[in-house]
Amino acid sequence: MTGDTVTRLVDQDQVRRTVARIAHEILERHADPSRVALVGIRTRGVPLATRLAALIAEYSGVRPDLGSVDIALYRDDVAAGTMPVVGETHLPFPLSDRTVVLVDDVLYTGRTIRAAIDAIFDYGRPPRVQLAVLVDRGHRELPIRPDFVGRNLPTSAADRVRVRLTETDGVDEILLFTKERS
Amino acid sequence: MSARRSLIGIGDLSRDDITRLLDLGERFAEVMSRDIKKVPTLRGRTIINLFFESSTRTATSFELAGKRLSADVINVKASGSSVEKGETLKDTILTLAAYKPDVLVIRHAAAGAVAAAARYTDAAVVNAGDGKHEHPTQALLDLYTLRKTMGRLEGLHVAFVGDVLHSRVARSGAIALQTMGAEVSFIAPPTLLPRGSAEGLGVHTSYDIADIADADVVYALRMQHERMGEGGFVPSLREYATQYGIGHHRLREGQRVMHAGPMNRGVEITDQLADDPTALVTAQVEGGMVVRMAVLYDLLSDPQAVRSADVVSHMVAA
């Protein structure tokens, strides 16, 4: 960790505008927000989904359903000794009658999304699943593509992207940690 | 493969460990409430349940716990296996270990046998009851049930009543409850109350059944005929039932009753009380399932990795 350079790529104000734009885009694609369920992937997808739901309600007057999914039990690397903390999954709406929009902070390899889709399908069969992310940093390892993207941030696989949100971290910002070349 | 952890005695677990396992159990209880009661978490893992002693609840729930987590589960019973042909514990373990299981769940009639068995395998070993010694997952499911129904463990008073002498349930239970800040009493006839070890555990002891009045929860212990031989521990079961059997007549309002099963109805617990919906017996069975899922999940992941992950996020936050 020492020797990393930290760059703030996106600040508080830009995060706010980016989230607002995603909310507009979701509305554009869904005439009836009451048939949409925003499902945040723990941890930082949850506050993002909450914000999006509030914004969509503000713009359209219709509040979409809100849920959360925990993927700890669906990860493909439990066997590799990661012991993820198991959190709650909460999907308080009829999945068979909703377009699920999965919400996460950073899209990277796509493995988290694969796990989230598996988790959702153990609860029911939504007619459609879409994906909204604040940051797409590339380097996919699975054929997964986001439907709504806040920012495309091309990075090296050695870099790390960290989204910090007021609800979880006290501030809205997107940071890039770059390995220092020696 | 890194060295695996095991669960041999409940004393191996700290207060934090126990809390983590009970919290995990609650998550798995949610999984059990779904239409699809199975998660892919332990896919590709192998669990061998090795039971040298009979069991319904523990064996079934360990098997189901493994299957709900998508592990491959194999059950080996002493009857019908090479154990009947005189194979030693060591050789049985070495044989099964050669199949490279990730977890060996072992029940044995001899105290200390599970700890001994753990020396012959790299697999994580879970004690599913070793003689009069310990039954750590029973203690965990009892704590889980108590926390869920009473809302707390700290300050709770649990009285174990009856055959304390032969009871691994009382022993592991007492250790676990005290770790969590609960108070424990052993109440039994003198012949069934091991004074020395009870005092070593730091529990209250009494021969007087009236002392259950102080307890929030009365835990009726099974009379273990199979471990008594011709011992003459009690004059007769009927007399024991009259003097120490738990029934509605002995309980005050709000007192809850537990029993680890199998029950001797009409001996340590009356028929009517066993069927009373306020008795926690069925809740204990349900708790056993999810707590055993928690233990398997916990053993098959590496806490070291969590610690380093915490460090990373901590450093980023700093």
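The values are calculated or read from the model by the stated rules, or taken from the named source; none is laboratory data. Keep in mind that this is a model prediction, so the values were computed, not measured. Neighbour counts are summed over all protein chains in view; Cβ atoms, including those assigned to glycine, are modelled from backbone coordinates with ideal geometry.
Annotations for the structure displayed:
- Looking across the stretch B:34-66, the residues that are of a type outside the set (Gly, Ala, Ser), within 14 Å of chain A (Cβ to nearest Cβ) and in contact (Cβ under 8 Å) with a residue 24 or more places away in the chain come down to B:Lys37, B:Lys38, B:Val39, B:Pro40, B:Thr41, B:Leu42, B:Arg43, B:Arg45, B:Thr46, B:Ile47.
- Residues that are under 17 Å from the mean Cα position of the chain (by Cα) and of a type in the set (Asp, Glu) were ranked within the stretch B:27-69; the one that is nearest to B:His133 (Cα to Cα) is B:Glu53.
- Qualifying position, being assigned to a loop (DSSP other than H, G, I, E, B), under 23 Å from A:Leu165 (Cβ atoms) and either within 10 Å of another protein chain (Cβ to nearest Cβ) or small (Gly, Ala, Ser) (or both), among A:Gly40, A:Gly138, A:Gly67: A:Gly138
Here's the yes/no breakdown for (1) at pLDDT 90 or above; (2) among the hydrophobic types (A, V, I, L, M, F, W, C):
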residue: B:Leu7; (1), (2): yes, yes
residue: B:Gly25; (1), (2): yes, no
residue: B:Phe28; (1), (2): yes, yes
residue: B:Ser54; (1), (2): no, no
residue: B:Glu63; (1), (2): yes, no
residue: B:Leu69; (1), (2): yes, yes
residue: B:Ser82; (1), (2): no, no
residue: B:Gly86; (1), (2): no, no
residue: B:Lys90; (1), (2): yes, no
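- Pair list, Cβ under 7 Å, 6 or more apart: the stretch A:10-34 residue among the small types (Gly, Ala, Ser), other residue surrounded by fewer than 18 Cβ atoms within 10 Å (Cβ to Cβ) and in a helix (DSSP H, G or I): A:Ala23/A:Tyr59
- If the condition is being in contact (Cβ under 8 Å) with a residue 24 or more places away in the chain and not aliphatic (A, V, I, L, M), then the stretch A:139-159 contributes A:His139, A:Arg140, A:Glu141, A:Pro143, A:Pro146, A:Asp147, A:Phe148, A:Gly150, A:Arg151.
- Residues that are under 12 Å from B:Glu268 (Cβ atoms) and in a loop (DSSP other than H, G, I, E, B) within the stretch B:204-247 comprise B:Leu221, B:Arg222, B:Met223, B:Gln224, B:Val234, B:Gly245, B:Gly247, listed in sequence order.
- Number of the condition not met by A:Ile71 [criteria: (1) within 30 Å of B:Asp17 (Cα to Cα); (2) among the β-branched types (Val, Ile, Thr); (3) in contact with a Leu (Cβ under 7 Å, 6 or more places away or on another chain); (4) without any contact (Cβ under 8 Å) to a residue 60 or more places away in the chain]: (3)
- Some residue of the stretch A:159-175 being within 14 Å of chain B (Cβ to nearest Cβ), small (Gly, Ala, Ser) and either assigned to a loop (DSSP other than H, G, I, E, B) or surrounded by 18 or more Cβ atoms within 10 Å (Cβ to Cβ) (or both): yes
- Residue in the stretch A:44-62 that is within 14 Å of chain B (Cβ to nearest Cβ), on the phi < 0 side of the Ramachandran plot, not hydrophobic (A, V, I, L, M, F, W, C) and not in a loop (DSSP other than H, G, I, E, B) present: no
- If only residues of the stretch B:73-110 that are closer than 20 Å to B:Thr137 by Cβ and surrounded by fewer than 16 Cβ atoms within 10 Å (Cβ to Cβ) are counted, the one that is farthest from the chain's Cα centre (by Cα) is B:Ile74.
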